[in-house]
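Written below as structure tokens is the structure these notes are about.
The values are calculated or read from the model by the stated rules, or taken from the named source; none is laboratory data. Keep in mind that this is a model prediction, so the values were computed, not measured. Virtual Cβ from ideal backbone geometry, glycine too; neighbours counted across all protein chains shown.
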Amino acid sequence: MPKQRGKQTSALTSPVTIASSACVAGSKEGRGPLRSNIDSIYEDSMLGLKSWEQAESAMQRDALNLALSKGNIPESALRFVLAGDLLGQCIGSAFSARECDTPFIGLFGACSTITEALGLGALLIDGGFADRLAAITSSHFCGAERQFRMPLEYGGQRPTTAQWTVTGAGAAVLEKAGLRNSAGNPRISHVTFGKVVDMGIKDVSFMGASMAPAAFSTLSAHFEDCGLSPEDYDLIVTGDLGSAGSEILRELFQKNGVTLGERYKDCGMMIFDPHDTDVGAGGSGCGCSAVTLCGHILNGMREKKWRRVLFCGTGALFSPMSAQQGESIPSICHAVRIIGGE
């Protein structure tokens, strides 16, 4: 059974294998630096369907099918599907799951959802409740704009601190260690679930500022619980604070005498062309972290580029209603420690 480390971290009895992963994305993401690690790029943002929301569900299905195919795993071998998105009542995930004859666990952690799914999935497997399951998340720029901001036709101007919701989905298949030959595949060894942190920030166009303190809280807890420091990792990734939020996180650590250095990256700054002025402070959305992790990062680990990765999903836990009522933006960060395969 998993062992508790400190106040927030669970050390798995046996590292859980990430047997396969895949990601899909829209044309804007497909023109970015990570394009070579995106399995399928859509030129049509609606995927030939009637709505952006239907397109998002289809992206989840495509990502899952690709991950299963790459791992030579039948869908019937999955014990659970853990999935989430940004749409109201997680309809992107629920409508996707209705086509899958597998128990479904719907999750919401905003942009942190892929890490939440991986962490919960790893605990389910290590606890003996499943041998194999899938973790999936997605977002769609047009669907998110319709729900959280202004109609696209309005053409409102964005402040430089605002981020661009990624159109994309990522899926990872987790399985019990030793279930089959899994040499070379990355494995999850530790899970650190975060606390809700609210610094009173109300600007929905500057979510990086609201999420950075949550990232600082969870990263600090992970280092303390595990007796580790940033130097113990080849790569530390948040997703997704964007350029402004990332700088705040660096400053928070610097004030405590800790330098994150070049090993620290943020999904929001990795996924788009840095010269693309449309994206403001970078990418956001459940799909941002999922696409970056399930493509670029996990592929890099399989290629031995990185051996020890701390992946930290961040999420702004607000809704259009809470923003309209003048509420501040509570935020969350979850982290998983991923180690390279043997």
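Taking the residues in region 98-111 that are in contact (Cβ under 8 Å) with a residue 12 or more places away in the chain, outside any helix (DSSP H, G or I) and out of contact with any Leu (no Cβ under 7 Å at 6 or more places or on another chain) as candidates, determine which candidate is farthest from C286 (Cα to Cα).
Taking region 98-111 as the starting set, the residues that turn out to be in contact (Cβ under 8 Å) with a residue 12 or more places away in the chain are 99-111.
Pick out the ones that are also outside any helix (DSSP H, G or I) and you get 99-109.
Pick out the ones that are also out of contact with any Leu (no Cβ under 7 Å at 6 or more places or on another chain) and you get 99-101, 103-104, 106, 108-109.
On the way: E99: 21, C100: 21, D101: 24, P103: 21, F104: 18, G106: 13, F108: 10, G109: 9 Å.
In this case the residue turns out to be D101.
Please list, ordered by first then second residue, the pairs with beta carbon atoms under 7 Å, 6 or more apart or interchain, first in region 222-244 and free of Cβ contacts under 8 Å to residues at least 40 places away in the same chain and of a type outside the set (S, T, Y), second part of a strand (DSSP E or B) and crowded, with 18+ Cβ neighbours inside 10 Å.
P230/I236
Looking at region 285-329, which of the residues that are crowded, with 19+ Cβ neighbours inside 10 Å and of a type in the set (G, A, S) is nearest to S189 (Cα to Cα)?
Of everything passing the filter in region 285-329, G313 is nearest to S189 (Cα to Cα).
Pick from S217, S229, S243: which is modelled with pLDDT under 95 and surrounded by fewer than 24 Cβ atoms within 10 Å (Cβ to Cβ)?
That would be S243, the only listed residue that is modelled with pLDDT under 95 and surrounded by fewer than 24 Cβ atoms within 10 Å (Cβ to Cβ).
Within the group A110, A83, A94, which residue is at pLDDT 95 or above and buried (at least 24 other Cβ atoms within 10 Å of the Cβ)?
Answer to the selection: A83.
Identify, from the list T259, T314, the residue that is at pLDDT 95 or above and within 14 Å of the chain's Cα centre (by Cα). If you could, list the steps in order and put the result at the bottom.
Values: T259 fails: within 14 Å of the chain's Cα centre (by Cα).
Criteria check complete, one pass: T314.
Return the total of residues in region 264-280 being assigned to a helix (DSSP H, G or I) and touching a residue at least 60 places away in the same chain (Cβ under 8 Å).
So in region 264-280, the residues assigned to a helix (DSSP H, G or I) come out as 267-270, 277-279.
From what's left, touching a residue at least 60 places away in the same chain (Cβ under 8 Å): 268, 270, 278-279.
Of the residues in region 264-280, 4 are assigned to a helix (DSSP H, G or I) and touching a residue at least 60 places away in the same chain (Cβ under 8 Å).
Failed condition for I339, given (1) of a type in the set (A, V, I, L, M, F, W, C); (2) under 18 Å from L174 (Cα atoms); (3) crowded, with 20+ Cβ neighbours inside 10 Å, with all others met?
I339 satisfies all of (1) of a type in the set (A, V, I, L, M, F, W, C); (2) under 18 Å from L174 (Cα atoms); (3) crowded, with 20+ Cβ neighbours inside 10 Å except (3).
List the residue pairs whose Cβ atoms are under 7 Å apart, where the first residue sits in region 167-184 and is surrounded by fewer than 24 Cβ atoms within 10 Å (Cβ to Cβ), the second is part of a loop (DSSP other than H, G, I, E, B), and the two are 6 or more positions apart or on different chains.
K176/D131; L179/D131; S182/G341; A183/G341; A183/E342; G184/G341
Let me spell it out: the conditions are (1) surrounded by 21 or more Cβ atoms within 10 Å (Cβ to Cβ); (2) at pLDDT 95 or above, and M207 meets all of them except one. Which number is the exception?
(2)
Output the residues belonging to region 246-263 that are out of contact with any strand residue (DSSP E or B) (no Cβ under 6 Å at 6 or more places or on another chain), free of Cβ contacts under 8 Å to residues at least 40 places away in the same chain and within 15 Å of G282 (Cα to Cα).
Listed by number, the list holds a single entry, E247.
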